[in-house]
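A.B. asks: Input: one structure, supplied below.
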Amino acid sequence: MNAELKTGVVFGGIIITSVIFLAIIFIGLDEFTSLNPNSGTNMAPNLVGIAHYLNTSPEELTKRIEDKVVLYDIWTYSCVNCIRTLPFITSWDEKYSEQGLLIIGIHSPEFEFEKNPQNVKAAIEKYGISYPVVMDNDMKTWKAFENNYWPRKYIADHEGNIRYDHIGEGSYQETEKIIQQLLNERSMAMGLENISENKLVSIEEFEHTLFRTPELYFGYKFAQNRNQLGSEEGFQPEKIVKYSEPSIVELNKFYPIGNWKNNDDSMELTEATGVIKVLFDAKEVNIVTENYAQLEILLDGIPLTEKYAGSDIKSSNKIEVSTPGMYNIISSETSITRTMEIKIEGKGFQAFTFTFG
């Protein structure tokens with residue numbers, strides 16, 4: 001290999017490595033899977049510190065879990081990545097629950113309002129969840145699994161050994177094949193008829209853009225080590241801050257305007273009206289909020305059109321938010337780079353996070 005060719009190969013390798021590194025930085029850890037083909041080496045921990053049992057009771061769940069293949073889904077209802085996995089999980093429940101699969105949703109909250117059982121009940125009704133959901137409000141079961149991510153799926157065989165571990169979205173066919181494999185192992189061990197080779201669940205997956213704006217946190221505690229507040233006033237913990245109109249709006253940063261209280265997990269509007277601006281790069285924008293408000297959405301100073309309106313925009317370019325949770329406000333077929341302006345009417349409105357797809 002001559003010198004010029006060697007140089008080209010090395011240079012090409014550097015470019016590829018750099019692209020992969022940048023993709024990891026921009027995307028984060030969206031998906032990771034590990035598989036343990038050998039049983040008996042990693043037992044699933046007990047469910048501990050559970051505050052509320054939904055769609056079940058402690059006694060019923062203890063009985064149901066015996067000799068079952070168990071899919072533990074660690075999630076929280078305002079997490080967009082968790083929400084995107086739910087159609088697959090509910091489909092697996094419908095398809096395999098009578099063949100020995102038990103799905104347990106472990107609801108481990110990110111925000112305080114997600115600890116309210118009424119909010120979680122509303123969410124499981126909205127997403128058609130009929131399998132047991134346990135509310136891990138103190139994150140004790142989360143810690144027992146040594147978990148650090150939403151969502152995360154663990155699958156244990158009928159003897160209680162964790163055989164599969166998947167972080168984030170994706171790998172749905174792989175996951176379902178593991179379910180089928182472990183159900184067949186259970187059938188053989190218990191002298192039952194093996195499950196039929198059913199076709200895999202077919203649901204269109206959300207396709208992430210490679211480079212997109214990262215999640216933006218409004219709470220000063222959540223923003224530690226990932227502060228993307230662009231306003232020169234900065235975070236001022238537990239204080240009401242008058243944020244001014246920015247002279248420049250930078251990409252991947254957010255700018256509140258008006259009087260906002262800095263909470264550890266959110267910003268709270270302390271007057272009748274306020275504004276949030278953000279320059280984003282994505283094809284989907286979601287906001288997590290609490291308390292009633294009317295939001296008017298503009299893109300590059302123009303009222304949001306139907307072409308880019310998210311699923312929660314019900315009329316024109318406006319949306320009413322009330323129930324604590326996530327709202328989809330921008331949805332595009334392809335990635336767009338736009339300055340979004342949200343005009344808010346509603347004292348007490350709280351913003352927790354922007355997420356992008």
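A.B. asks: Among the residues of region 337-357, which ones are part of a strand (DSSP E or B) and more than 21 Å from the chain's Cα centre (by Cα)?
C.D. replies: 337, 338, 339, 340, 341, 342, 343, 344, 345 - these are the residues of region 337-357 that are part of a strand (DSSP E or B) and more than 21 Å from the chain's Cα centre (by Cα).
Results for (1) within 17 Å of the chain's Cα centre (by Cα); (2) surrounded by 22 or more Cβ atoms within 10 Å (Cβ to Cβ), shown as yes or no for each residue.
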| position | (1), (2) |
| --- | --- |
| 105 | yes, yes |
| 108 | yes, yes |
| 126 | yes, no |
| 138 | no, no |
| 161 | no, no |
| 166 | yes, yes |
| 190 | no, no |
| 195 | no, no |
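A.B. asks: Can you name the residue in region 197-220 that is within 17 Å of the chain's Cα centre (by Cα) and under 30 Å from residue 95 (Cβ atoms) and is also modelled with the lowest pLDDT among such residues?
C.D. replies: 208
A.B. asks: Then there's this: Return the residue satisfying two criteria in turn: it lies in region 319-336 and is of a type in the set (S, T, N, Q) and under 25 Å from residue 115 (Cβ atoms), and of such residues it is farthest from the chain's Cα centre (by Cα).
C.D. replies: In the first step, residues of region 319-336 are kept if they are of a type in the set (S, T, N, Q); the result is 322-323, 328, 331-332, 334-335.
Within this subset, residues satisfying the condition of being under 25 Å from residue 115 (Cβ atoms) are 322-323, 328.
Numbers: 322: 20, 323: 18, 328: 13 Å.
Going through the qualifying residues, I end up with 322.
A.B. asks: Among the residues of region 62-92 satisfying the criterion of being of a type in the set (Asp, Glu) and surrounded by fewer than 20 Cβ atoms within 10 Å (Cβ to Cβ), which is nearest to residue 163 (Cα to Cα)?
C.D. replies: If we filter region 62-92 for residues that are of a type in the set (Asp, Glu), which is where we start, we get 66-67, 73.
Remaining after also requiring surrounded by fewer than 20 Cβ atoms within 10 Å (Cβ to Cβ): 66-67.
Values: 66: 17, 67: 15 Å.
Filtering first and then ranking leaves 67.
A.B. asks: Within region 61-80, which residues are touching a strand residue (DSSP E or B) at 6+ places or on another chain (Cβ under 9 Å), in a loop (DSSP other than H, G, I, E, B) and over 19 Å from residue 175 (Cβ atoms)?
C.D. replies: Across region 61-80, the qualifying residues are 65, 76, 77, 78.
The values are calculated or read from the model by the stated rules, or taken from the named source; none is laboratory data. The structure displayed is predicted, hence computed values, not measured ones. Don't worry about glycine lacking a Cβ; one is built from the backbone with ideal geometry, like all the others, and counts go over all protein chains shown.
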